[in-house]
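The values are calculated or read from the model by the stated rules, or taken from the named source; none is laboratory data. Note that this is a predicted model, so its numbers are computed, not measured. Ideal geometry is used to build each Cβ from the backbone, glycine not excepted, and the neighbour counts take in all protein chains shown.
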Amino acid sequence: MGGGSKKKSIAAAERVQSRTGSKEGEAKEEKKASEQKTGPRSVLVTDDLMKTIKKEALKTGTITPYTIASKYNLKISTAKDILRELAEGNLVRKAASNRRTIVYTPMPAKEEMKQEKPGPTQAAE
């Protein structure tokens, strides 16, 4: 009727454990080392970091919270706050959004905006 395999004696179980114990210990150490590489994400944003993010935001084509968070080792929520602040300061504008994320693009320079949008007098001519 089956019933499963016979339970090993204590001595046999100790032998098996001592043979595989060194391999498991090495695997655990490697796993711990890989986890420590990521480190904690920062929540505080210094003025220097904010300046570099502003410069990068103006250079790149599209900006998402994930790109800022991964590049500067920040939390996603912190990156979202930074992008909202940049949007309020008219440095970036919301290009697309959905339920999960928002994509921002840099605001065009004021000179480019004047050339793109004809005024009421130019349109009448």
Inside the range 37-69, the number of residues satisfying the requirement of being within 10 Å of the chain's Cα centre (by Cα) and surrounded by 13 or more Cβ atoms within 10 Å (Cβ to Cβ) is 6
When every residue in the range 92-107 that is assigned to a loop (DSSP other than H, G, I, E, B) and surrounded by 12 or more Cβ atoms within 10 Å (Cβ to Cβ) is compared, the one nearest to the chain's Cα centre (by Cα) is THR101
Going through the range 91-116 in order, the residues found to be modelled with pLDDT under 60 and not polar (S, T, N, Q) are GLU111, GLU112, MET113, LYS114, GLU116
